[in-house]
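> Let me give you the structure first, and then I'll get to my questions.
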Amino acid sequence: MRIGLIGGVGFMGRAHSLAWQLASSMSGDDLRTELAVLVDVDKAKAEETARRFGWQASATSWEAVVAASDIDIVDICTPPHLHGVIALAAIEAGKHVFCEKPLSNDATEAAGVAGAAAQARVTAQVGFNYRHAPAVAFAKQLLQEGRLGQPLQFRGAYLQSGPSVTDPSRWRASGATGGSGLVGDVGSHVIDIAEYLVGDITRVVSLVRARRRSAADGWMGENERLAGEHLDSGAVWLADFSGGAVGSFAGSGLAVGRANQLHFELDGTDGAVEFDWNRRDELLLAVRDDRLEEHGFRRIITGAAHPDARWQVPGLGSGYLDVMAIQFHHFLQAAHSRDQAVPDLSTGSRVQRVVEAVHESARTGAWVSLNGPQGGSASG
């Protein structure tokens with residue numbers, strides 16, 4: 001299958017270029033891919049990046065690539081305000097679609113794109129790559145097997161201290177250039193993992209904050225944030241889940257010393273797990289039926305016995321590209337068999353509804369219920 005990568009010059013585009021090659025080698029002869037064309041608005045950068053990462057050609061028109069008869073897969077790595085229009089055009093052209101998260105900065109648009117993909121019966125997947133880490137997939141397996149019992153409480157955080165927030169010149173720092181704020185950007189990952197493991201979030205209540213331009217000034221006042229439509233750079237929120245579990249979440253782009261830390265803890269009636277992306281090959285597991293003198297967490301290092309592990313020997317280590325390639329491998333399998341991808345675009349739409357509910361609660365100060373097909377309503 002021949003791939004057209006839209007928005008290939010930036011960090012995520014380069015990561016996708018490398019991960020597609022790794023995924024193709026993982027998937028065997030039946031699922032081989034060709035890096036057909038890399039698209040970006042800067043012609044010179046597109047040409048240089050295409051040469052560097054092994055693409056057969058480069059282009060500046062995503063419309064032409066989406067319409068091309070020899071392109072089978074459209075991979076979307078643009079800023080998120082362009083995701084919906086490109087994904088919809090690709091779906092209408094009958095292409096398989098892989099779209100980076102968030103699916104859209106607007107829940108209504110995201111729902112429309114997800115509906116179009118379902119009706120067109122194309123394979124379409126959203127890029128929540130962290131759920132594909134073998135340790136996270138193993139946590140899901142433990143839940144499905146009943147080893148942890150009924151989920152009771154989820155505690156999750158995504159913490160960063162880096163240029164995506166601190167540099168105001170980057171596209172992520174402005175809604176005008178497609179930025180989705182802390183909650184929509186990295187917060188969407190921890191929302192996805194929470195719903196992947198525990199089930200649908202039914203209501204949220206939140207506090208959201210934006211930083212001042214001067215690093216020494218801390219958070220700006222809420223009236224100033226809301227009046228100026230400033231993108232958030234930190235948030236905390238509580239949630240109820242459909243199965244009765246409760247959750248607490250935190251996100252920050254100003255967490256000094258936190259090196260892209262996605263961390264969660266999940267307590268069930270019969271056991272508990274803990275995961276930290278900075279130790280991504282490990283899952284901490286505690287089970288209630290251990291002998292009393294042995295109660296506590298054991299450290300499991302993922303290997304060949306665990307879902308999606310790439311190496312036969314535990315402890316060799318997996319990285320960002322490995323996990324990215326695992327998600328592409330699943331996508332290729334689904335596209336080859338014309339099956340539904342996981343997570344599909346309805347998942348991306350669902351997560352965006354939660355993101356918008358978090359922001360609505362911050363504006364109103366009330367719990368927001370995720371009722372109906374299109375999102376939230378305030379509740380007491």
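The values are calculated or read from the model by the stated rules, or taken from the named source; none is laboratory data. Here the structure is a predicted model, which is why all the values come from computation and not from measurement. Neighbour counts run over all protein chains shown; Cβ positions are idealised from the backbone, glycine included. All accessible areas refer to the heavy atoms of the entire protein, side chains included, with ligands and DNA or RNA removed. Shrake-Rupley method; radii C 1.70, N 1.55, O 1.52, S 1.80 Å.
So that you can scan it fast, the table gives a plain yes or no per residue for (1) over 17 Å from residue 353 (Cα atoms); (2) aliphatic (A, V, I, L, M):
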| site | (1), (2) |
| --- | --- |
| 170 | yes, no |
| 178 | yes, no |
| 190 | no, yes |
| 193 | no, yes |
| 204 | no, yes |
| 224 | yes, no |
| 240 | no, no |
| 244 | yes, no |
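> Any residue at all in region 234-245 that's among the acidic types (Asp, Glu) and in contact (Cβ under 8 Å) with a residue 12 or more places away in the chain?
Taking region 234-245 as the starting set, the residues that turn out to be among the acidic types (Asp, Glu) are 240.
Those left that are additionally in contact (Cβ under 8 Å) with a residue 12 or more places away in the chain: 240.
Yes: one or more hits.
> Select from region 33-52 the residues that are in contact (Cβ under 8 Å) with a residue 24 or more places away in the chain, of a type outside the set (A, V, I, L, M) and farther than 28 Å from residue 337 by Cβ and list them in ascending order.
Residues of region 33-52 in contact (Cβ under 8 Å) with a residue 24 or more places away in the chain: 33-40, 42, 45-46, 49-50.
The next check asks that each one be of a type outside the set (A, V, I, L, M); those that pass are 33-34, 40, 42, 45, 49.
Scanning region 33-52 gives 40, 42, 45, 49.
> Have a look at 281, 267, 322, 308 and point out the one that is farther than 20 Å from residue 27 by Cα, under 22 Å from the mean Cα position of the chain (by Cα) and in contact (Cβ under 8 Å) with a residue 12 or more places away in the chain.
Details: 267 fails: under 22 Å from the mean Cα position of the chain (by Cα); 322 fails: farther than 20 Å from residue 27 by Cα; 308 fails: farther than 20 Å from residue 27 by Cα.
On inspection, the qualifying residue turns out to be 281.
> Looking at (1) under 23 Å from the mean Cα position of the chain (by Cα); (2) surrounded by fewer than 23 Cβ atoms within 10 Å (Cβ to Cβ); (3) modelled with pLDDT of 95 or more, can you tell me which one residue 10 breaks?
(3)
> Given the residues 284, 292, which is the only one that is open to solvent by 30 Å² or more (accessible area, probe 1.4 Å), farther than 24 Å from residue 127 by Cα, among the hydrophobic types (A, V, I, L, M, F, W, C) and at pLDDT 95 or above? Walk me through how you get there before you give the answer.
Values: 292 fails: at pLDDT 95 or above.
Just one listed residue meets the conditions, 284.
> Please work out which one of (1) small (Gly, Ala, Ser); (2) under 19 Å from residue 249 (Cα atoms); (3) without any contact (Cβ under 8 Å) to a residue 40 or more places away in the chain is the condition residue 181 fails and give its number.
For residue 181, the failing item is (3).
> Going through region 78-123 one residue at a time, which ones are charged (D, E, K, R) and farther than 20 Å from residue 65 by Cβ?
101, 106, 109, 121
Yes/no per residue for (1) among the aromatic types (Phe, Trp, Tyr); (2) within 21 Å of the chain's Cα centre (by Cα):
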| residue | (1), (2) |
| --- | --- |
| 206 | no, yes |
| 220 | no, no |
| 224 | no, no |
| 228 | no, no |
| 231 | no, yes |
| 241 | yes, yes |
| 250 | no, yes |
| 253 | no, yes |
| 261 | no, yes |
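> Something else now. Please find, among 23, 44, 19, 50, the residue that is part of a helix (DSSP H, G or I), of a type outside the set (Ser, Thr, Tyr), under 25 Å from residue 309 (Cα atoms) and at pLDDT 95 or above. Reasoning before the result, please.
Values: 23 fails: at pLDDT 95 or above; 44 fails: under 25 Å from residue 309 (Cα atoms); 50 fails: under 25 Å from residue 309 (Cα atoms).
Exactly one of 23, 44, 19, 50 is part of a helix (DSSP H, G or I), of a type outside the set (Ser, Thr, Tyr), under 25 Å from residue 309 (Cα atoms) and at pLDDT 95 or above, namely 19.
> Something else: Give the residues of region 16-53 that are crowded, with 17+ Cβ neighbours inside 10 Å and under 21 Å from residue 178 (Cβ atoms), sorted by residue number.
Passing the criteria: 16, 17, 38, 39, 40, 46, 49.
> Any residue that is of a type in the set (D, E, K, R) and in contact with a strand residue (DSSP E or B) (Cβ under 7 Å, 6 or more places away or on another chain) - is there at least one of those in region 18-32?
If we filter region 18-32 for residues that are of a type in the set (D, E, K, R), which is where we start, we get 29-30, 32.
With the extra rule that they be in contact with a strand residue (DSSP E or B) (Cβ under 7 Å, 6 or more places away or on another chain), the set shrinks to none.
Checked region 18-32: no residue is of a type in the set (D, E, K, R) and in contact with a strand residue (DSSP E or B) (Cβ under 7 Å, 6 or more places away or on another chain).
> Tell me the helices (runs of 4 or more DSSP H) entirely within region 54-126 that contain at least 3 residues that are open to solvent by less than 40 Å² (accessible area, probe 1.4 Å) and under 26 Å from residue 357 (Cβ atoms).
Values: elements: 62-67, 83-92, 107-120.
Result: 83-92, 107-120.
> Which pairs turn up if I take residues in region 10-24 that are within 13 Å of residue 75 (Cβ to Cβ) and look for partners that are open to solvent by 10 Å² or more (accessible area, probe 1.4 Å) and aromatic (Phe, Trp, Tyr) with beta carbon separation below 8 Å, at least 6 apart in sequence or on another chain?
Here the result reads 14/53; 15/320; 17/53; 17/55; 18/53, each pair linking region 10-24 to a residue that is open to solvent by 10 Å² or more (accessible area, probe 1.4 Å) and aromatic (Phe, Trp, Tyr).
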